[in-house]
1. Have a look at Ser103, Ser73, Ser12 and tell me which one the Gaussian network model of the chain (Cα, springs below 10 Å) gives the largest fluctuation.
2. Once you've got the GNM for the chain with C-alpha springs shorter than 10 Å, pick whichever of Val92, Val14, Val31 has the biggest mean-square fluctuation.
3. Size of the dipole of the chain about the Cα centre, Lys and Arg at +1 and Asp and Glu at -1 on the beta carbon, nothing else charged, in debye to 20?
4. Which residue fluctuates most in the GNM of the chain (Cα springs below 10 Å): Asn96, Asn36, Asn109?
5. Report, in deg cm²/dmol and to the nearest 500, the calculated mean residue ellipticity at 222 nm for the chain, where each DSSP H run with n ≥ 4 adds -39500 (n - 2.57) and the sum is divided by the residue count.
6. Any chance you could get the radius of gyration and Dmax over the Cα atoms of the stretch 1-48, in Å?
7. Per residue, what accessible area does the chain have, given a 1.4 Å probe and all protein chains present, in Å²?
8. May I ask you to list the trypsin sites (Lys or Arg not before Pro) in the stretch 39-105 that are in a DSSP loop and have at most 11 other Cβ atoms within 10 Å of their Cβ?
Amino acid sequence: TSDPKKLTVIDSVVMKGTECGAARDYKCALVDVNKNLIGFDVTDYAAETIDQKYMVYSWDGEHFQKKFSEKMSNDDWGKIRGLYAGRSFYIVEGKNGGYRIRSYDMEKNFRNIDELKTY
C-alpha cells in the first residue's frame, strides 16, 4: 500500500466458505512476494459434509489468479498450512498428534507428487 490512509480495493475474489484460517490467525496464510504466492485454507461448514480446501493464488499486476486448489479430507483436520522448498509445495494437515503431508511440483502446475500420513 502506497498510502495506508487511502486504501482502495483493486481486485477481490469471493469464495464459498464459512471459515478461513487466515482470517483468524495471519500465521495460517502463506504469502511470498518473491515467488508470487498467496495460500490459505477455506472451510464450508454449511455444506452437508465439511468442505475444506487449500487454495493458492498469485497476483498478475491487476488481478488475483488461482494457481491451485486442493480438496482436503472431510473429517475436519484442524490446522492446515502451506509451505514450499525449492520447486516443491507442501500442504500439512495436523490434528490430535497426527499429520498428513502432501507434496506438489510447482513447476508442473502443482502436480501431485506424494503423500505421507503419520496417524
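1. Ser12
2. Highest fluctuation among the options: Val14.
3. Details: 19 positive and 19 negative charges, 58 e Å.
Its charge dipole is roughly 280 debye.
4. The residue that fluctuates most here is Asn96.
5. On the way: 1 runs with 4 residues, N = 119.
Dividing the helical sum by the residues of the chain leaves -500 deg cm²/dmol.
6. 13.7, 43
7. Working: 7950 Å² over 119 residues.
The answer is 67 Å² per residue.
8. Counting only loop positions with at most 11 other Cβ atoms within 10 Å, the trypsin sites (Lys or Arg not before Pro) in the stretch 39-105 are Arg87.
The values are calculated or read from the model by the stated rules, or taken from the named source; none is laboratory data. If you're wondering where the values come from, they're calculated on a predicted model, not measured in any experiment. Glycine gets a Cβ as well: all are built from the backbone with ideal geometry, and neighbour counts include every protein chain shown. Surface accessibility is based on the protein's heavy atoms, side chains included, excluding ligands, DNA and RNA. Shrake-Rupley method; radii C 1.70, N 1.55, O 1.52, S 1.80 Å.
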